[in-house]
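The values are calculated or read from the model by the stated rules, or taken from the named source; none is laboratory data. No experiment lies behind these values; they were computed from the predicted model shown. Cβ coordinates were reconstructed from backbone atoms using ideal geometry, including for glycine residues, and neighbour counts include every protein chain displayed.
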Amino acid sequence: MLTLLLIIALALAFSNWMEQTHGLSTNGVINVSFSTNAPNINGAWDTPAEWADASEVIISNQYGWTTYVRVKHNFDLFFILLDFVTDQSRGFANLPDKAQVAFDTMDDGADVPWTDDYLFYVDGVWGATATFQGTGKGGGFLNAWTGIGNPAGFAASAGFTYSPYEENRQHQIYEFRVPTRFLGEKSTYGFYVTVVDVGSNTFLEWPLNSGGTPEYYEGRIYRLNPPPPKKWGDIFLPYRKFSVSWNGDTYPVFILSNSSIENFDFDQVNKMISFNVTGGSDTTGYCNVTTPNALLGGPYTVLINDSRPTILNEVSNDTYTFLYFTYSHSTQKVKIIGTTVVQELSSNIILPLFAALSTLAVVFVKRRIRRSKT
Ligand SMILES: [Ca+2]
Ligand SMILES: [Ca+2]
Ligand SMILES: [Ca+2]
């Protein structure tokens, strides 16, 4: 009996560990579209095209309250739209409506927000913004979160206007821009969104009904304390860019994948690019890797945990090589080994340098000879 309990406890601990380290949140996942079409952060759809190419998620509760969430990125920045189509009142008395988006940058879930968790705030009337960081304490909002300055590149704005989702009634719209550099460049982040309509004393959150707690002022929702990060969903970026710096030049390596990419590394000595791919166990993963030929030239050897992949396609043009291969999850180590590699120093630097060093060496030797004579 004791053994059985122990086995069950171990199995539960293992499945919990699996959930946190391999694969995406069971609370929901948003795949973030890549787009070079950066929106203007002003609390309005400037044109229908502004958000047309972003990923879409609908938050809709049992009373019909609805917010459309749209997310996209351009490698450097995340863009988030919250189009609260059923919020057609602008604040209440002196209390503004508000919106919050939060990122769990380690995507480690947890029972309370820690210092890797960030929350961005904008109010619906004046467009005042704020950035908060988790404290690791939990409790009410002011205990669990502490205000820090907005990071460089951050912007958020609110507006009360029409949109392609609701063209006949003005309603509350929020736009956010969050710099990737501030969050750390990852494939997967924990993600949480909330909008508060003070007029109807209602809030909506993504994931829906994940347990955010309203905090009241004179009977009206004043603040919304997010649920523990373990209740949040995930956002996932299928398209990543890794910049390799070599001798003052930057070589971009692009990876399109359904796996989380971690520990990207360029090893010049071994003419190798390597990284880890992680996804839900027993699922098939793929990578489409675009490498500058000047950084790493072919023909290439691709190894997944030191074995050759069953499917491998290689296509090159003058500048880039495109490698496509598949594997089974969960975590695998990918190595891409080239035939040629960017050089340590280009020859037009090496030759003069070599000449200078040789001259120095000759002078040095001559001096030593003279000294030894005296
Ligand atoms: Ca806009
Ligand atoms: Ca409102
Ligand atoms: Ca966290």
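Across region 250-270, the number of residues qualifying as over 16 Å from the mean Cα position of the chain (by Cα), in contact (Cβ under 8 Å) with a residue 12 or more places away in the chain and surrounded by fewer than 16 Cβ atoms within 10 Å (Cβ to Cβ) comes to 3.
So which of GLY199, GLY279, GLY248, GLY219 is within 23 Å of VAL32 (Cβ to Cβ) and modelled with pLDDT under 95? None of the others qualify; the one that does is GLY279. With respect to the conditions (1) crowded, with 18+ Cβ neighbours inside 10 Å; (2) touching a helix residue (DSSP H, G or I) at 6+ places or on another chain (Cβ under 6 Å), THR188 lacks only one, and its number is (2). Of the residues making up region 225-238, those that are in a strand (DSSP E or B) and within 30 Å of PHE34 (Cβ to Cβ) number 4.
Across region 271-285, a minimum of one residue is classified as of a type in the set (A, V, I, L, M), surrounded by 17 or more Cβ atoms within 10 Å (Cβ to Cβ), out of contact with any Cys (no Cβ under 9 Å at 6 or more places or on another chain) and assigned to a strand (DSSP E or B).
Restricting VAL195, VAL101, VAL122 to those that are within 16 Å of ligand 3 (Cβ to nearest atom) and closer than 22 Å to TRP51 by Cα reduces the list to VAL101.
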